[in-house]
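For reference, the structure discussed in these notes is given below.
The values are calculated or read from the model by the stated rules, or taken from the named source; none is laboratory data. What you see is a predicted model; the values in this text were computed from it and never measured. Cβ placement follows ideal geometry from the backbone for every residue including glycine, while neighbour counts extend to all protein chains displayed.
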Amino acid sequence: MDVFLVKAGQFLLSLSILIVLHEMGHFLMARAFKTRVEKFYLFFDPWFSIFKKRIGDTTYGIGWLPLGGYVKISGMIDESMDKEQMKQPPKPYEFRSKKAWQRLLIMLGGVMVNFLLALVIYIMVLHVWGEKYVPMENLKYGVMVDSLGQEMGLRDGDRILKVGGEDIERWERIPHDIIVNEAQTLTIERGGEVMQVSIDENIIPTLLKSEFPILPRVPFEIGELREGDPAAKAGIKPGDRIIGLNGEPIRFYDQFKKRMSAWEAGPIQMTLLREKDTVSVSLTPTGGGKIGVYPIINDQYWFEAVEVKYSLLESIPAGIAKGFQTTKSYLKQLQMLLKPKKYKAHESLGGFIKIGSIFPGEWNWQSFWNLTAFLSIILAIMNILPIPALDGGHVMFLLYEIISGKKPGDRFMEYAQMIGLILLLSLLLYANLNDVIGLFNK
């Protein structure tokens with residue numbers, strides 16, 4: 001429960017920051033062109049509000065439904081579907097009375113703020129915390145792979161040298177370049193021999209739905225134990241390193257995992273290294289060879305990491321570059337949704353549960369701000385999509401007006417808004433249903 005509350009708290013705080021600043025972008029741009037804003041809300045408020053206060057022409061409030069937020073701009077056809085207002089003659093302070101280029105900037109205000117916010121956060125994070133990563137050359141034990149990794153042509157102990165013919169400096173680039181950049185080959189070293197492994201593009205849909213099947217190969221040091229399971233009962237402790245099973249030496253976690261998965265029944269003798277002492281324990285695994293331990297997989301625990309510090313001036317270009325790289329990567333991932341037969345990426349689409357789960361189980365400000373910057377880019381891109389009811393839908397119609405000189409009729413805009421809302425609600429329902437199904441399939 002504590003982990004859930006920490007994740008939920010980070011998610012709600014991040015979402016609140018992004019929504020308020022996104023709507024602030026619309027609000028400030030509207031005010032710049034002397035356009036009246038009737039409401040400024042964090043979260044939606046059907047039927048009632050948690051809080052509201054009127055200041056000047058604007059009511060500021062907090063709704064009870066945390067699915068987003070909004071500003072209600074006078075004289076604009078939006079999700080409020082205020083048809084009565086639109087029947088009245090246009091007033092000078094209304095959105096519909098402004099020039100097309102002014103309305104365009106008002107609609108782009110939220111997206112611009114979200115994108116700039118992401119850049120500012122990345123700059124701040126790099127300046128305050130810098131970066132810490134393990135160079136590929138330091139992963140001296142190679143990789144460990146599951147059955148899917150073996151299907152890709154890899155074996156335990158392989159050292160990955162290149163992905164798609166390009167040198168890889170950081171481990172975290174490997175999943176990205178294989179899945180998002182669709183690298184076709186891996187250059188590996190196996191037993192002192194350098195060879196190439198071809199990646200079948202048909203495996204990408206499976207990789208999208210699964211945990212990535214390649215991890216750094218590490219010795220088996222115990223990080224956590226599950227109380228009441230065989231390992232805890234036998235006196236095994238966190239920090240113990242398993243080095244033998246029934247007198248046969250083992251060195252790596254993947255070796256232990258494979259031997260235990262083939263274990264049929266009966267007790268097993270384990271040899272442990274506890275600090276400088278060698279300890280033997282006897283225990284009987286449960287079904288499937290489980291003993292109730294969790295290894296330390298963190299590559300920065302096992303291998304020497306490189307720490308990069310940035311001055312304020314250095315962090316500015318580095319943060320901007322990181323923001324643009326993240327945007328480019330996310331656009332490529334969105335393209336996968338446009339090819340459902342090839343990638344089946346829609347099956348991996350998630351809602352609030354999936355988004356909330358990416359936050360760490362303990363409060364970490366560096367992770368929080370990095371994830372908030374990433375979500376800010378997602379919010380900017382999703383809002384600029386040319387779908388009615390989103391900012392991008394309004395932008396699409398405004399560009400049409402600017403180019404053609406003809407303004408779409410109010411009735412047309414009302415129908416377009418309704419269709420857009422139906423599409424968005426359907427997508428929201430589908431994504432969150434995927435989350436629920438995923439919980440039951442675990």
>> Just the residues that are buried (at least 18 other Cβ atoms within 10 Å of the Cβ) and in contact with a Lys or Arg (Cβ under 7 Å, 6 or more places away or on another chain), please, taken from the range 223-247.
In response: D240
>> Consider the range 280-299. How many of its residues are exposed (fewer than 15 other Cβ atoms within 10 Å of the Cβ) and out of contact with any helix residue (DSSP H, G or I) (no Cβ under 8 Å at 6 or more places or on another chain)?
In response: 5
> Only one of (1) free of Cβ contacts under 8 Å to residues at least 60 places away in the same chain; (2) touching a Leu at 6+ places or on another chain (Cβ under 7 Å); (3) outside the structural domain of P205 (by TED's automatic domain parsing) is not met by N114, so which one is it?
Replying inline: (1)
> If you check V71, V6, V37, which single one turns out to be aliphatic (A, V, I, L, M) and surrounded by fewer than 17 Cβ atoms within 10 Å (Cβ to Cβ)?
Replying inline: V6
>> Consider the range 130-174. How many of its residues are surrounded by 15 or more Cβ atoms within 10 Å (Cβ to Cβ) and either closer than 12 Å to Q196 by Cα or touching a Ser or Thr at 6+ places or on another chain (Cβ under 7 Å) (or both)?
In response: 11
>> Go through (1) in a loop (DSSP other than H, G, I, E, B); (2) touching a Leu at 6+ places or on another chain (Cβ under 9 Å) for K91 and report which single condition fails.
In response: (2)
> Of Y141, Y60, which residue is at pLDDT 90 or above, hydroxyl-bearing (S, T, Y) and assigned by TED's automatic domain parsing to the domain that holds T185?
Replying inline: Y141
>> So for the range 382-392 (the condition being of a type in the set (V, I, T), closer than 19 Å to I19 by Cβ, touching a Gly at 6+ places or on another chain (Cβ under 9 Å) and at pLDDT 80 or above), does at least one residue qualify?
In response: yes
>> So the check is Cβ under 9 Å with 6+ separation or different chains; which pairs have a first residue in the range 11-22 that's closer than 18 Å to G109 by Cβ and a second one that's part of a helix (DSSP H, G or I) and among the hydroxyl-bearing types (S, T, Y)?
In response: I17/T372; I17/S376; L18/T372; L18/S376; L21/S376; H22/S376
>> Here are the criteria: (1) in a helix (DSSP H, G or I); (2) closer than 24 Å to D240 by Cβ. Tell me which single one V279 does not satisfy.
In response: (1)
> If only one of D156, D146 is within 21 Å of I297 (Cα to Cα), touching a Pro at 6+ places or on another chain (Cβ under 7 Å) and of a type in the set (D, E, K, R), which one is it?
Replying inline: D146
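How many of the residues in the range 152-176 are out of contact with any strand residue (DSSP E or B) (no Cβ under 8 Å at 6 or more places or on another chain) and touching a residue at least 60 places away in the same chain (Cβ under 8 Å)? Steps first, please.
Applying the first criterion (out of contact with any strand residue (DSSP E or B) (no Cβ under 8 Å at 6 or more places or on another chain)) to the range 152-176 yields 166, 176.
Next, from what is left, pick out any that are touching a residue at least 60 places away in the same chain (Cβ under 8 Å): 176.
Matching residues across the range 152-176 total 1.
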>> Every residue in the range 255-276 that is closer than 21 Å to I297 by Cα and in a loop (DSSP other than H, G, I, E, B), please.
In response: E275
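Given the structure, is S16 hydroxyl-bearing (S, T, Y) and in a helix (DSSP H, G or I)?
Details: hydroxyl-bearing (S, T, Y): yes; in a helix (DSSP H, G or I): yes.
Criteria met by S16.
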> Restricting attention to the range 183-200, which residues are free of Cβ contacts under 8 Å to residues at least 24 places away in the same chain and closer than 17 Å to L148 by Cβ?
Replying inline: A183
